[in-house]
Structure formats: C-alpha cells, structure tokens
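A quick write-up on the structure given underneath.
Since every read-out is calculated from the coordinates, none of them should be taken as a lab result. Please read these numbers as outputs of a predicted model, since none were measured by experiment. Every residue, glycine as well, gets a Cβ built from its backbone with ideal geometry; the counts of neighbours run over all protein chains shown.
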Amino acid sequence: MRQITKDAIKAFYNKEDFKRSNTQIKYVLNMMTAVSTMVMFLHGHAIAKLTKGELYIRHAGYKTNTTKERLNGLNGVHIHQKNFIWYVNGIEWEDGYNWLKVSDFSVENFG
C-alpha cells in the first residue's frame with residue numbers, strides 16, 4: 001500500500017482533513033442534524049464516506065488501480081478484479097456509481 005493511501009486512511013478514521021496530490025479527506029458536519037461524515041475524494045470524486053458508524057463506497061465510474069487501492073485501505077473492504085469485473089469481499093460489484101453500504105454487502109444479501 002502506498003504511503004499516500006496509508007496517510008489518507010489514517011486521516012479518514014481520525015476525523016482529520018487531509019489533502020495530498022489526487023486524494024482528499026474532508027470532515028463534514030451537518031449543522032441541522034449534528035451528524036458528522038468523513039468523505040474520501042479521489043480526483044474530486046467522492047469514493048468513500050463514513051457516517052453514523054457506517055461505511056459506504058463507490059468507484060464513481062473510475063475503475064482504476066488507484067481507486068481500488070484507496071478503497072482497499074478501508075476496514076472491511078477487499079476489492080479484487082478478474083476479467084475486468086470488480087468484486088467486493090468476494091461478491092461481484094455491478095453498480096459502482098451508487099453508494100454501497102459495506103456492512104450490507106454480504107453473501108446473505110445475495111441469497
């Protein structure tokens with residue numbers, strides 16, 4: 001794992017703003033609901049968010065090695081690719097444009 005990914009992941013879980021090269025972490029507090037959200041951006045596109053203790057991911061249409069590496073740095077996420085198809089935690093990931101709740105993405109939900 002590249003150092004930029006390690007540093008970004010650390011900031012993500014420590015609720016710290018971070019910006020280096022093509023990666024940015026932002027802490028967002030909704031003043032109306034008092035709900036805080038950590039968001040990871042790659043090239044300006046949100047690819048991960050942590051809100052209310054729940055992790056969501058997406059590739060936003062960019063199935064790149066860099067996107068995969070950043071997402072793989074997150075707890076509970078393992079993405080691999082075979083024949084141009086992405087798999088999250090062993091299950092085919094068809095829609096990477098919408099948010100995927102990582103804890104919901106399990107074999108039981110595809111039964």
Inset, instruction - Considering each of 60, 8 in turn, give the residue that is surrounded by 11 or more Cβ atoms within 10 Å (Cβ to Cβ) and either out of contact with any Ser or Thr (no Cβ under 6 Å at 6 or more places or on another chain) or part of a loop (DSSP other than H, G, I, E, B) (or both). - result: 60
Inset, instruction - Would you tally the residues in segment 1-56 being among the basic types (Lys, Arg), in contact with a strand residue (DSSP E or B) (Cβ under 9 Å, 6 or more places away or on another chain) and more than 15 Å from residue 76 (Cα to Cα)? - result: 4
Legend entry - From the options 96, 73, residue that is over 19 Å from residue 20 (Cβ atoms) and not hydrophobic (A, V, I, L, M, F, W, C): 96
Inset, instruction - Please identify the pairs in which a residue from segment 7-27 that is touching a residue at least 40 places away in the same chain (Cβ under 8 Å) has its Cβ atom under 7 Å from the Cβ atom of a residue that is in a loop (DSSP other than H, G, I, E, B), counting only partners at least 6 apart or on another chain. - result: 9/73; 9/74; 22/43
Inset, instruction - Go through segment 77-94 and give me each residue that's surrounded by 13 or more Cβ atoms within 10 Å (Cβ to Cβ) and either without any contact (Cβ under 8 Å) to a residue 12 or more places away in the chain or not in a strand (DSSP E or B) (or both). - result: 77, 87, 89, 93
Legend entry - Candidates 66, 33, 37, 23, filtered to the one that is of a type outside the set (D, E, K, R) and loosely packed, with under 12 Cβ neighbours inside 10 Å: 33
Inset, instruction - Test residue 97 against the criterion of being assigned to a strand (DSSP E or B) and either touching a Pro at 6+ places or on another chain (Cβ under 7 Å) or more than 22 Å from residue 4 (Cβ to Cβ) (or both), and give yes or no. - result: no
